[in-house]
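The values are calculated or read from the model by the stated rules, or taken from the named source; none is laboratory data. Please read all numbers here as calculations on a predicted model, not as lab measurements. Cβ coordinates were reconstructed from backbone atoms using ideal geometry, including for glycine residues, and neighbour counts include every protein chain displayed. What goes into the accessible areas is simple: the full protein's heavy atoms, side chains included, and nothing from ligands, DNA or RNA. Shrake-Rupley method; radii C 1.70, N 1.55, O 1.52, S 1.80 Å.
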Amino acid sequence: MLTYGVPWSQLAGKQFGGFMAKLPKKPKLCFVIGPIGDDDSDDRTHADWLLEEIIEPVFDEDYPEFRVERADKISDPGRIDAQVITALLDADLVVADLSTLNPNAFYEIGIRHTIQKPIIHMHLEGQRIPFDIASFRSIKFSRRRPSDIRAARETLKVVVAAVLAEGYEVDNPVTFSRGKIEFEKTATPSDKVVVGELDSIQRRISTIEKLFAVSPQRVTGFFGSEQRLISFGGQVSLAVAFETGTTSKKISDFFASEGLNVYPSLYGVTYQTERAVLLLDADDAGSGSIERLIRSAAAAGLTITSVMFVDGGSGKK
């Protein structure tokens, strides 16, 4: 039956139960990038912990207007790489996992930085962040205890709120570089003098760091002393000797499980008979860390008999 003299909007509302006014809003997208790996791989286990136990619970409870999606869970047909790039360009927010320094993840992070849209960095506690983005905040998380998971959720909740707040300005290496370019266009002669002096200081510091990284100062072995290796951003090799009869497998198993817990900057370990040579940052090579290493080894049933700095991985004292 037709009804006359009633606006169509009212008629639609009456006839269809207000359907037009109750259409759900299109959900916002939070796109998650990082190391994913194959099924049952360590990377996949890590990625699932981060997604299912930290990121999704935060958005389900506090930001229900968002749909959380990871690259391997895109169900639409088509090229995966094109879909990932589209998601990076269109997503309202991106959460990037820096753990394990995955090349694909950093390629995707670069795309997001370039378009200057919101992105949140996260990384597994104990892992290093590359120099180019080390000065930009990254949320550390751990899976060792249930309380670590809860703490990571709370931190992520706070950071998401800050990123979504009105007036938030994106800050990343690209925006920093562009800002510097714009500054140079309008800088006064005196401003340029100051910038030139700062650039000169930065170059000098970089030169010093490179020199000490190539030839770090050598310090003889010690236990429990307060002596520290003096080096500006350099790397050192630390020779750790174990008691007679300690197999290389026991040593490798120990460093595989405890190495990064004692030395967050551990780059690698070379195993020899009853001995291991560690490559790490000089800043992490203080006596306190050596004492932690000895205690950790003892807890694992191993006895360390000596610790000594050696020249740049050469194995020479």
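Note on region 26-122: with neighbouring protein chains present and a 1.4 Å probe, carbon and sulfur make up 49 percent of its accessible heavy-atom surface.
Straightening the chain between VAL163 and ASP72 buys 30.2 nm, computed as 0.36 nm per residue apart minus the Cα-Cα spacing. Placing a pseudo-label 7 Å from each Cα along the Cα-to-Cβ vector at GLU125 and THR247 gives an inter-label distance of 3.2 nm.
Label point of TYR267 set 7 angstrom out along Cα-Cβ; within region 105-128, amide nitrogens under 19 Å from it belong to 126-128.
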